[in-house]
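Here's the structure we're looking at; comments come further down.
The values are calculated or read from the model by the stated rules, or taken from the named source; none is laboratory data. Given the structure is predicted, the values throughout are model-derived calculations rather than measurements. Cβ placement follows ideal geometry from the backbone for every residue including glycine, while neighbour counts extend to all protein chains displayed. Accessible surface areas use protein heavy atoms only, side chains included; no ligands, DNA or RNA. Shrake-Rupley method; radii C 1.70, N 1.55, O 1.52, S 1.80 Å.
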Amino acid sequence: MRRPGYDPTLVREQFFLLAHDETRHMRPRLHLPALAAGLAGATVMDLLIAGRVAVASGAVHPDRFQRDLTGDPVTDDALALILQVVPAPPLPELIRTVAPGVYERTAAALIHKGVLVQGPPRRWRRGRGYEIADEGIVVRIRAKAGYRIAGRDAPSPGADCLCALVAALGLHRALMRGERAEVDPLLQRVVREMAESGRRARHPVGGAPAVAAAVLGVVQDLATSAMT
């Protein structure tokens, strides 16, 4: 059962929840391949926040002096993959490699934590769908990103990374803050500030906008290949 007051802290898990419509039985707001690419990008962002990797020249470079596990199996598997690749893997290639299975693994982790429960079979996908155990969790995640773009909250790595993914994948309506034309400039301001503050502080999270851009590129490639 979910522990009282527990909300997911990983960008990947928060993005998973924000990318589903909790008022429509957790129906995905994106096609699953695009959502998987977003979750893969969020996994890289979690590693950036933890200081385990950095983005430079379009590639993901691990801190090889740190060997401790992060405590999350999906994140640890992505880190192990990065450590095995020499030279450092390009961002698009890494996202494509991490994406397969990340949707199912994230859902399983959220079920294990009591955040999601198995729902009835759905017509829009094979197998069973999911239900949110407590809609308040999604409300708080949405508020975290919403307060950030409204300037009510100070910058924070988790909220800023969510804003970058929302902007890249066109999930503006998930924030319930108005039309895309109104919300996008606010999201882009957060993305610019994150890159600038990351450079000033020399913290790897400044590479998160590059990750979001790579996710968008992968999704666009998927759309192009589907049309040919």
Task: Compactness of the range 171-228 - radius of gyration and Dmax, Cα, Å - done: 14.4, 44
- [ ] Divide by every residue of the chain the summed helix terms, -39500 (n - 2.57) for each DSSP H run of at least 4, and state the resulting mean residue ellipticity at 222 nm, rounded to the nearest 500 deg cm²/dmol.
- [x] -18000 deg cm²/dmol
- [ ] Please say if the range 9-50 is rounded, prolate or oblate, where rounded means a/c under 1.5 for a ≥ b ≥ c the square roots of the C-alpha gyration tensor eigenvalues, and otherwise the choice is prolate for a/b larger than b/c and oblate otherwise?
- [x] oblate
Task: Per-selection Rg to Rh, the range 37-81 - Cα, Kirkwood hydrodynamic radius - done: 0.93
TODO: Sort THR75, THR97, THR9, THR70 by accessible area with a 1.4 Å probe, largest first.
DONE: THR9, THR97, THR70, THR75
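In percent, what relative contact order does the range 11-226 have, based on Cα pairs under 8 Å that are 6 or more apart in sequence? Numbers along the way, then the final one.
Working: 292 pairs, mean separation 57.6, N = 216.
In percent, rounded to a whole number, it is 27.
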Task: For ARG189, solvent-accessible area (1.4 Å; no DNA, RNA or ligand), Å² - done: 60 Å²
TODO: Would you list the P(r) distribution for the range 11-226, with all Cα-Cα distances sorted into 10 Å bins from 0 and each bin expressed as a whole %?
DONE: 8, 35, 38, 17, 2
Task: Cα-centre dipole for the chain with unit charges at Cβ (Lys and Arg positive, Asp and Glu negative), debye to 20 - done: 340 debye
- [ ] For the range 145-224, run through the GluC sites (Glu not before Pro) and keep only the ones in DSSP coil with at most 11 other Cβ atoms within 10 Å of their Cβ.
- [x] GLU179
Task: Simple spin-label estimate for GLN188 and ALA143 in nanometres, 7 Å along Cα-Cβ - done: 3.0 nm
- [ ] Filter the chymotrypsin sites (Phe, Trp or Tyr not before Pro) in the range 1-90 to those in DSSP coil with at most 11 other Cβ atoms within 10 Å of their Cβ, and list the result.
- [x] PHE65
Open item on the list: Under the 0.36 nm per residue contour assumption, what length would be gained going from the current alpha-carbon distance of THR224 and ALA80 to full extension?
Closed with: 48.8 nm
- [ ] Take each complete run of DSSP H in the chain, measure how far its Cα atoms stretch along the helix's own axis, and keep only those covering 27 Å or more with mean Kyte-Doolittle hydropathy at least 0.5; list them.
- [x] 208-227
Task: Relative intensity, log₁₀ I(q)/I(0), of the range 23-133 from a Debye sum that treats every alpha carbon as a point, q = 0.11, 0.16, 0.17 Å⁻¹ - done: -0.41, -0.77, -0.84
TODO: Could you calculate the contour length gain from ALA154 to GLU196, that is, 0.36 nm times the residue separation minus the distance between their Cα atoms, to one decimal place in nm?
DONE: 13.7 nm
